[in-house]
Amino acid sequence: MATTEAQLMLSVGLIEKDVNGDTLWVWCYPSISPELRQLLLSKCCLTQDGRDFHTFVFGQFSRTWYYITTAEVQEPTALKKVSHFSIAVTAKDFNPEKYAALSRILCRTYVKYGSPVKMMEAYVSVFTKGICQNDENGSFLIKDYDVRKAYLAGSVKDVVSQFGMETIILYTALMLKKRIVVHHPRVEALLEFTRVLPALTWHRKDWSVLHPYVHLTDGELEDLRKCPGYVAGFVDAEVSNRPDLFDVFVHLPDGVITVSQGAKEAMTMGKLHKDIAHVIVQSAQDADRSDSQVIKDISIKTKEVLTNLFALAEACEDSKLTLDALKQHRFPPATENFLFHLAAAEQLLRV
């Protein structure tokens, strides 16, 4: 019987590039939809005309997470006609470290035996027992990879050291469930940066907003548009000319954040934002505080804001806030505006 964590695994697939330079989807277990298979082929660096080689990428499409590990075949091995191959694991959960570790074992198994059968055995072993053992590869234990570790793996301090007080723009956009688009030509930089952002709204623990590796294709953009708010990463610079896709645009190489015309009103900053920004920056600049402590500090400040908001809603009929009720408190305009949009994001608003 599959362990609960293992039930999150959906499939494993194999893509090969042969010595003639042809790339093919060669095998899959148990099965995968044609649409997802096409997507995995497009994300795999082996199909991208010898552009950059990426050992590991991950992303999300149609509520399914994918993790692709690519290896070069070094002589001599059982894989005579293969120059490179990629292993694509799909799953219901966000946990890059877990699937990178599992994929490394699957890769080594495939190189050793040259057949997907042994790889499938290892996958099934993890699925049924939560562990796979391998003579020279050590063992993989699913329970070593707690999801909280995955959520905390990025560095909020790095984000704040790059953007300083402007980090409040990212925080506000996340709190209000706005659409954040991040551009960087290197996918590794995108993956590292975007995965941290949902931690700024730790109270939600919601990484489903993360789409770290999106291409400007109709299918992927259509999938993205189904999300009310998101953090989406693009390697294609052309995305900066697509204001229909974002409320906040982050040009990562230059460290520039832009708020779109349409989102300016909701994103107006005031004293409350400044207070929160100070908390974020002071905590992140404290050399003695770890990343998880910084997240905790931000989270405490967020709870304060939300507690006040819930109290305002409690005082209203059926615990739903109206703009009129909010106006009675005579908050500064920017604070009132923020609380109004936050109430909408938290579904506390009566419309």
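The values are calculated or read from the model by the stated rules, or taken from the named source; none is laboratory data. None of these values were measured; they are calculated from a predicted model. Quick reminder, even Gly has a Cβ in these numbers, built from the backbone with ideal geometry, and neighbours come from all protein chains shown. To get the accessible areas, we keep the full protein, side chains included, count just its heavy atoms, and leave off ligands, DNA and RNA. Shrake-Rupley method; radii C 1.70, N 1.55, O 1.52, S 1.80 Å.
The criterion of being small (Gly, Ala, Ser), open to solvent by less than 70 Å² (accessible area, probe 1.4 Å) and either more than 21 Å from the chain's Cα centre (by Cα) or at pLDDT below 95 (or both) does not hold for Ser240. Condition test on Asp158, is it among the charged types (D, E, K, R), farther than 24 Å from Gln7 by Cα, more than 18 Å from the chain's Cα centre (by Cα) and part of a helix (DSSP H, G or I)? No, not satisfied.
Can you tell me which residues in segment 56-69 are in contact with a Cys (Cβ under 8 Å, 6 or more places away or on another chain) and either open to solvent by 10 Å² or more (accessible area, probe 1.4 Å) or of a type in the set (D, E, K, R) (or both)?
Residue satisfying the conditions is Thr69 alone.
Checking the conditions here, which among Ile32, Ile131 is over 30 Å from Val235 (Cβ atoms) and out of contact with any Pro (no Cβ under 6 Å at 6 or more places or on another chain)? If you could, list the steps in order and put the result at the bottom.
Details: Ile32 fails: over 30 Å from Val235 (Cβ atoms).
Of Ile32, Ile131, the one residue that is over 30 Å from Val235 (Cβ atoms) and out of contact with any Pro (no Cβ under 6 Å at 6 or more places or on another chain) is Ile131.
Against the numbered list (1) at pLDDT below 90; (2) in contact with a helix residue (DSSP H, G or I) (Cβ under 8 Å, 6 or more places away or on another chain); (3) more than 27 Å from Asp291 (Cα to Cα), Ser139 comes up short only at (2). Applying the criterion of being charged (D, E, K, R) and modelled with pLDDT under 90 to the residues of segment 288-329, the residue that is least open to solvent (accessible area, probe 1.4 Å) is Lys320.
For (1) among the charged types (D, E, K, R); (2) within 21 Å of Lys303 (Cα to Cα), each residue gets a yes or a no:
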{"position": "Thr172", "(1), (2)": "no, yes"}
{"position": "Ala199", "(1), (2)": "no, yes"}
{"position": "Lys205", "(1), (2)": "yes, yes"}
{"position": "Glu222", "(1), (2)": "yes, no"}
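Let's see how each residue does on (1) under 21 Å from Ser86 (Cβ atoms); (2) at pLDDT 95 or above:
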site	(1), (2)
Cys132	yes, no
Lys149	no, no
Ser161	no, yes
Ile168	no, yes
Ala189	yes, yes
Leu210	no, yes
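Can you confirm whether segment 286-297 contains a residue that is more than 24 Å from Leu39 (Cβ to Cβ) and under 17 Å from the mean Cα position of the chain (by Cα)? Yes: one or more hits. One residue stands out among those in segment 244-267 that are in contact (Cβ under 8 Å) with a residue 40 or more places away in the chain and over 11 Å from Ala173 (Cα atoms): the one that is surrounded by the most Cβ atoms within 10 Å (Cβ to Cβ), which is Val250. For the residues Tyr123, Tyr113, the requirement of being in contact (Cβ under 8 Å) with a residue 12 or more places away in the chain and more than 29 Å from the chain's Cα centre (by Cα) singles out Tyr113.
Taken as a whole, the condition of being farther than 24 Å from Ala199 by Cα and open to solvent by 20 Å² or more (accessible area, probe 1.4 Å) applies to Glu336.
Sort out which residues of segment 65-100 are in a helix (DSSP H, G or I) and either over 18 Å from the mean Cα position of the chain (by Cα) or within 18 Å of Thr23 (Cβ to Cβ) (or both), and write them in order of number. Walk me through it before giving the result.
Filtering segment 65-100 for residues in a helix (DSSP H, G or I) gives 96-100.
Within segment 65-100, no residue meets the criteria.
Considering every residue within segment 212-223, establish whether at least one is closer than 25 Å to Phe340 by Cβ and open to solvent by less than 60 Å² (accessible area, probe 1.4 Å). Taking every residue of segment 212-223 in turn, none turns out to be closer than 25 Å to Phe340 by Cβ and open to solvent by less than 60 Å² (accessible area, probe 1.4 Å). Scanning for something within 20 Å of Gly233 (Cβ to Cβ) and open to solvent by less than 10 Å² (accessible area, probe 1.4 Å), does segment 149-157 turn up at least one residue? Looking for residues that are within 20 Å of Gly233 (Cβ to Cβ) and open to solvent by less than 10 Å² (accessible area, probe 1.4 Å), one finds at least one in segment 149-157, hence yes. Contact map, segment 309-324: residues that are closer than 14 Å to Asn337 by Cα paired with residues that are open to solvent by 60 Å² or more (accessible area, probe 1.4 Å) and among the basic types (Lys, Arg), Cβ distance under 9 Å, separation 6+ or inter-chain. Pairs shown: Leu321/Arg350; Thr322/Arg350.
Counting the residues of segment 176-218 that are out of contact with any Pro (no Cβ under 9 Å at 6 or more places or on another chain), within 24 Å of Gly262 (Cα to Cα) and among the β-branched types (Val, Ile, Thr) gives 5. Looking across segment 42-55 at every residue that is surrounded by fewer than 18 Cβ atoms within 10 Å (Cβ to Cβ) and at negative phi, the one that is modelled with the lowest pLDDT is identified as Arg51. Out of all the residues in segment 274-281, is one or more in contact with a Leu (Cβ under 9 Å, 6 or more places away or on another chain) and open to solvent by less than 60 Å² (accessible area, probe 1.4 Å)? Within segment 274-281, one or more residues are in contact with a Leu (Cβ under 9 Å, 6 or more places away or on another chain) and open to solvent by less than 60 Å² (accessible area, probe 1.4 Å).
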